[in-house]
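Reviewing the structure listed below.
The values are calculated or read from the model by the stated rules, or taken from the named source; none is laboratory data. Bear in mind the structure is a predicted one, so any value in this text is a computation, not a measurement.
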Amino acid sequence: MADKSGSPGCCDTGQSSCSVPCCCNVEALVTIDERGQMVIPKELRDKAGVKAGDKFVVVSCQSEGGVSCILMVKADDFAETMKGMLGPMMKEALQY
């Protein structure tokens, strides 16, 4: 189900606290099994460099009282993003 047209679907609304612009694409349709597990398609795992044992941070986005979006971010990438965001704030806070 990956977009083969070559035109990225950008989700950068300018409201993100992330310093890296992102482009989102619908990559696949997956099914959750009775144990709550899903399989990330091999093509996407290869494209993202995901291998067995990799850790992810699972983030939920809520709107109107329910979860509207579930994101998976590689733990290493998440840590770097948080460091980049929180580092300057902590440095500023420690100056007071």
From Val30, Val67, residue being assigned by TED's automatic domain parsing to the domain that holds Thr81 and of a type outside the set (Phe, Trp, Tyr): Val67
Residue, farthest from Thr81 (Cα to Cα), within the stretch 30-53, restricted to residues that are among the acidic types (Asp, Glu) and part of a loop (DSSP other than H, G, I, E, B): Glu34
Qualifying residue in the stretch 85-92 (condition: modelled with pLDDT of 90 or more and among the small types (Gly, Ala, Ser)): no
Those residues of the stretch 54-82 which are modelled with pLDDT of 90 or more and not in a strand (DSSP E or B), in sequence order: Asp54, Lys55, Ala75
In the stretch 64-93, the residues that are more than 24 Å from Met38 (Cα to Cα) and not aliphatic (A, V, I, L, M): Glu64, Gly65, Glu80, Thr81, Lys83, Gly84, Gly87, Pro88, Lys91, Glu92
